[in-house]
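What follows is a short report on a single structure.
The values are calculated or read from the model by the stated rules, or taken from the named source; none is laboratory data. Keep in mind that this is a model prediction, so the values were computed, not measured. Every residue, glycine among them, receives a Cβ derived from its backbone with ideal geometry; neighbour counts consider all protein chains shown. Just so you know, the surface numbers come from the protein's heavy atoms only, side chains and all, with ligands and any DNA or RNA stripped out. Shrake-Rupley method; radii C 1.70, N 1.55, O 1.52, S 1.80 Å.
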Protein chains: 2
Amino acid sequence: MSLPYAVLGFLNYAPMTGYELKKAFDTSIRHFWPADQAQIYRTLKELTRRGWVTVEVVPQEDRPNRKVYHITDAGREELRRWLGTPADPEDPRVPLLIRIFFAGQLPSEKAIALLETYAAALRARLETYARIPQRAAHYAEAIQSPREVFFWALTLDYGIRLTRAALEWAEEAIRNIRNLEKQ
Amino acid sequence: MSLPYAVLGFLNYAPMTGYELKKAFDTSIRHFWPADQAQIYRTLKELTRRGWVTVEVVPQEDRPNRKVYHITDAGREELRRWLGTPADPEDPRVPLLIRIFFAGQLPSEKAIALLETYAAALRARLETYARIPQRAAHYAEAIQSPREVFFWALTLDYGIRLTRAALEWAEEAIRNIRNLEKQ
DNA sequence: GTCATATATAGGACAAGTCAAATATAAGCA
DNA sequence: TGCTTATATTTGACTTGTCCTATATATGAC
């Protein structure tokens, strides 16, 4: 149940509409916490109910009124409290590993193909990660806080390290399957 | 939607009841695919409906009748087909990273505490992994197939590598936060 | 003596998130 | 002319999985 707190985190930087929040998610933490648009709006409703945000309705013609959400003092307090609390455990599910676990049922080329596809996805992910610092520079200037930027960079570093480790695993797995064949 | 296929994978080794399947999950792939008991029974019902397994009811006194599930030829075919198919993407969600992303709002000791707790959990996980090979030896003897055992080992290797990478990240993050303080 | 554990299945309630559609209009592009 | 994209929110249906409870009894631990 981290989504409400991610929303509070963004609203703590600046008041925003649900629509703008969706963009904030998509251009920053999407890689480790994708957020569905419908889910954001429902969360906003819940946060309002709890008194952690307030809504400022800005009338518009042609379009639905903008509902700009502002974090309250109670919301800020709740955010800080939550941030200092131990993280929820990760979902350990790795769909590929089910296939690998039962891959003894598969001819070696098919097992290798599975791993090659996976490795290709990981390489693509690394390239995506490599392009992030440029985009992030824009936000870094806007926020003017090296401390914030430091922690943002940590999350990217996590993604790079884990992806590299997975890639190395896949590459060695492929080599080992080939060795298996030779014997 | 991998659970039905994991169930087929186990039933392909041997016919089993839902209860035995639950134990099979818990003593093997739980680390990358935990399975809820209720979910297993519901999946079994669905697999039966699709004709991928058949039920053999073994009457018992005192206890509910055993319902032993057998994989069918159609089920075996479906399993092989699925195994050769590209893996679903992983859920990228890492709850800790939301806290880290917004940790600029937190005093450094609290950010470090967060990472220490995380690192401790990772170390405990590595110890659990270290104990797996002994338990696995029992299954390896039972199945008498070095090829199957090779793929089982691959899944463990994945867990170890990824956990180590996460741990290295956390340890370096802690060092970097301490450096931040000194400046 | 009581409590946990093992055997064995089933169903209801609920949480989180996904997907798609509805509503309304302007701007830019081919 | 028509298609896509941007702006902005809401709702409904659905999926996957979790948690808890119910039912029944035997055995071993403390």
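Could you provide, to the nearest whole Å², the per residue accessible area of the stretch B:53-153 with probe 1.4 Å?
Result: 57 Å² per residue.
Got a sec to turn the phi values of the stretch B:24-31 into Karplus ³J(HN,Hα) couplings, 6.51 cos²θ - 1.76 cosθ + 1.60 with θ = phi - 60°, whole Hz, x for Gly and Pro?
4, 4, 5, 9, 9, 9, 3, 5
For peptide B:105-113, how many partner chain Cβ atoms fall within 10 Å of a residue's Cβ, on average?
If you average over the peptide's residues, the count of other-chain Cβ atoms is 4.
Roughly how large is the A-B contact in terms of buried accessible area, totalled over both chains, probe 1.4 Å, nearest 100 Å²?
6900 Å²
Modelled label-to-label distance, residue A:171 and residue A:110, 7 Å Cα→beta-carbon offset: nm?
2.8 nm
Evaluate peptide B:22-30: per residue, the Cβ atoms of other protein chains within 10 Å of its Cβ; return the mean as an integer.
That works out to 1 on average.
Can you pull the percent of the protein assembly as shown's accessible area that's carbon plus sulfur, 1.4 Å probe, other chains left in place?
With neighbouring chains kept in place, the figure for the protein assembly as shown is 52 percent.
Calculated FRET efficiency, residue B:56 and residue B:85, Cβ-Cβ r, R0 30 Å, to nearest 0.05?
Plugging the Cβ-Cβ distance into 1/(1 + (r/R0)^6) gives 0.55.
Mind checking A:160-173 for the average number of partner chain beta-carbons within 10 Å of each residue's beta-carbon?
The per-residue average across the peptide is 4.
Would you please give the FRET efficiency between residue B:66 and residue A:181, computed as 1/(1 + (r/R0)^6) with r the Cβ-Cβ distance and R0 = 35 Å, to the nearest 0.05?
Calculated value: 0.25.
How many angstrom lie between the Cα centre of the stretch B:51-129 and the Cα centre of the stretch A:3-72?
The distance from the Cα centre of the stretch B:51-129 to that of the stretch A:3-72 comes to 31 Å.
Just to confirm the number: angle between the C-alpha axis of helix B:108-130 and the first principal axis of chain B, 0 to 90 degrees, nearest 10?
40 degrees
How long, wide and thick is the protein assembly as shown, going by the Cα atoms along their three principal axes, in whole angstroms, largest first?
65, 44, 42 Å, listed from the longest principal axis down.
Of the listed pairs A:22/A:67; A:110/B:45; A:22/A:45; A:110/B:23; A:23/A:67, which have alpha-carbon separations greater than 18 Å here?
With Cα atoms farther than 18 Å apart: A:110/B:45; A:110/B:23.
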